[in-house]
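Worksheet: the structure to be examined is printed underneath.
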Amino acid sequence: MTDLSRREALKNLAGLGAAALAGPAPLFAAEAKPNLVREENARPGTRDWMLTTPRIDKASKYRCPWIEGYCSRTSVRAGDTISFHVSTNPAARFTIDLYRLGYYGGDGGRFLQRLGPFEGRVQDDPPVGSKRVRECAWAPCAELRVPADWVSGVYLGKLTAEVEGVQSYVVFIVRDDRRADFIFQCSDHTWQAYNRWPNQFSLYDDGANQWYWGGGVQVSFNRPYGKYCQIMDAPLSTGSGEYLLWEFPLAFWMEQHGYDITYISNQDTHADPSGLLRAKGFLSVGHDEYWTIEMFRNVQAAIAQGVNVAFLSGNAVCGRVLFEEKRRAFERVGVFGPPGGTREFQNMSSLEHKRPYGNELMGAHSTGPVTGGADWICTKPAHWIYEGTGMKEGDAIPGIIGWEWHGDPAPIAGLEVVATGPTQSKPGTPNGGIYTATIYPGPRGNFVFNAATCWWADGLSAPPGYVRPKVYTEPKGPDARIQRITQNLLERMRRA
């Protein structure tokens, strides 16, 4: 950092207040605090966390150059520091309003504090590095020591430029170390893999093919999140990754009902195996495609120790990635599945296919055409997951399977297929896929459930700003049967 950058950063820090500049705050204690999330959600909420003036540069298709930024960490503990790196073009004064996302009486967020105003600047676009990585080296506008009373959760910083009021987000996770009933793992590896900021530089672009599925391409967390690039128009995804698309409806619903929940990043699953043992249940949520082998082994070890796991996700544990800590970057190096098992996307055959396979952890995995949609069709109505739903064999919940799903159940002792059916490319047009939702027993009275869909949370709630997906099929929103199945799963976990 230049001397000028240091002086400006120190000047900006002076505006953050005593909470940001106090000495190191203690980490959350290891003891359980079962009412923490319930008490947090009793605090006043607001919908001001939502962007009112988002804007996308048409030339890039994904970025908001008027104001955009990133955080120095994907997750941070209370007492630790996180810095914010923001560019404004044209240069403009700006503020950062910080919110925790949750239920909050249906508003979805709680305001915490405002940082700034800051004197914005145009920060340089990073050069194209080796393996096409775009790694920003922007000067920080502010550094925040996370207050001790900030409850674990997903936090948004709403960036607002004074010029025309254009807005975007930065996103980070506050984690803790306490025991809790449930760990909610955010799928931020996948958010970053699909991030095309500034213009097509995702894990899916090798410079020739915009939907590339091979190796030799790297993406870094040291850059803003561009607007989401697939299947829907989601303005609130600008700067927030994919969290609001597939994951927030589950968190919104769980916090509404007072579940004892704590949040982590994919990076925490990768680096902190003992942290997974804090919970009775571990939740993979939404579109959780990219895992390191360390993540796989750490969750596998947690299951062996009696942790329950629910993959309320689709296309999960599919791409194997190698993480480079120094650059906060990763690249695709393999597939958690057999050769040809996914009817190879272009270039996927160039990657290493070897055990472990995803279905050995989840019960099923990405297979066949991978994409498609379907109804959830009950196959074992007497199973305890269906208790209280009133479902009979063959009953269907329309559209909840999609847009990527799991099949090819593993030969695991005691594994049961609780829902299955053909997938389609459009209504009435089967595409040859067969999804399988599964459950199998763990070694200590625990279990592993696989919902086989990215869209499970659509059946739970529709928070403010939520955009319903529609491709191959269309989920129909909150459904009492999906809610009861989820309740049955969580209650069985909690009683473990």
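The values are calculated or read from the model by the stated rules, or taken from the named source; none is laboratory data. Predicted model, so just to flag it, every value in this text is computed and none were measured. Note: ideal-geometry Cβ built from the backbone for every residue, glycine included; neighbour counts use all protein chains shown. What goes into the accessible areas is simple: the full protein's heavy atoms, side chains included, and nothing from ligands, DNA or RNA. Shrake-Rupley method; radii C 1.70, N 1.55, O 1.52, S 1.80 Å.
Of note:
- Count of residues meeting criterion [crowded, with 18+ Cβ neighbours inside 10 Å and in a loop (DSSP other than H, G, I, E, B)] in region 475-485: 2
- Matching residues in region 428-460 - criterion: being closer than 30 Å to residue 48 by Cβ and either of a type in the set (A, V, I, L, M) or surrounded by fewer than 21 Cβ atoms within 10 Å (Cβ to Cβ) (or both): 457, 460
Let's see how each residue does on (1) surrounded by 15 or more Cβ atoms within 10 Å (Cβ to Cβ); (2) of a type in the set (Phe, Trp, Tyr); (3) at pLDDT below 95; (4) not in a strand (DSSP E or B):
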site	(1), (2), (3), (4)
389	yes, no, no, yes
413	no, no, no, yes
421	yes, no, no, no
487	yes, no, no, yes
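- In region 62-107, the residue that is farthest from residue 123 (Cα to Cα) out of those that are among the small types (Gly, Ala, Ser) and crowded, with 20+ Cβ neighbours inside 10 Å is 102.
- Qualifying residue in region 131-139 (condition: small (Gly, Ala, Ser) and open to solvent by less than 10 Å² (accessible area, probe 1.4 Å)): no
- Checking each residue in region 223-280 for being among the basic types (Lys, Arg) and out of contact with any Ser or Thr (no Cβ under 6 Å at 6 or more places or on another chain) picks out 223, 278, 280.
- For residue 37, the conditions (1) open to solvent by less than 40 Å² (accessible area, probe 1.4 Å); (2) within 28 Å of residue 137 (Cα to Cα); (3) among the hydrophobic types (A, V, I, L, M, F, W, C); (4) at pLDDT 95 or above all hold with the exception of (2).
- Verdict on residue 110 being charged (D, E, K, R) and within 27 Å of residue 258 (Cα to Cα): yes
- Qualifying helices (runs of 4 or more DSSP H) (wholly inside region 194-311; at least 1 residues being aliphatic (A, V, I, L, M) and open to solvent by 10 Å² or more (accessible area, probe 1.4 Å)): 266-271, 293-304
- Of the residues screened, residue 382 is not one that is touching a Leu at 6+ places or on another chain (Cβ under 6 Å) and either surrounded by fewer than 19 Cβ atoms within 10 Å (Cβ to Cβ) or outside any loop (DSSP other than H, G, I, E, B) (or both).
- Subset of region 316-354 that is touching a residue at least 12 places away in the same chain (Cβ under 8 Å) and part of a helix (DSSP H, G or I) - its residue that is most open to solvent (accessible area, probe 1.4 Å): 350
- For first residues located in region 46-61 and surrounded by fewer than 19 Cβ atoms within 10 Å (Cβ to Cβ), partners that are among the charged types (D, E, K, R) and not in a loop (DSSP other than H, G, I, E, B) and lie 6+ apart or on another chain with Cβ distances below 7 Å form the pairs 46/110.
- Selection from region 457-485 of residues that are under 16 Å from residue 391 (Cβ atoms) and either small (Gly, Ala, Ser) or touching a Gly at 6+ places or on another chain (Cβ under 8 Å) (or both): 459, 476, 479, 480, 481, 482, 483, 484
- Residues that are without any contact (Cβ under 8 Å) to a residue 12 or more places away in the chain number at least 3 in none of the strands (runs of 3 or more DSSP E) confined to region 77-183.
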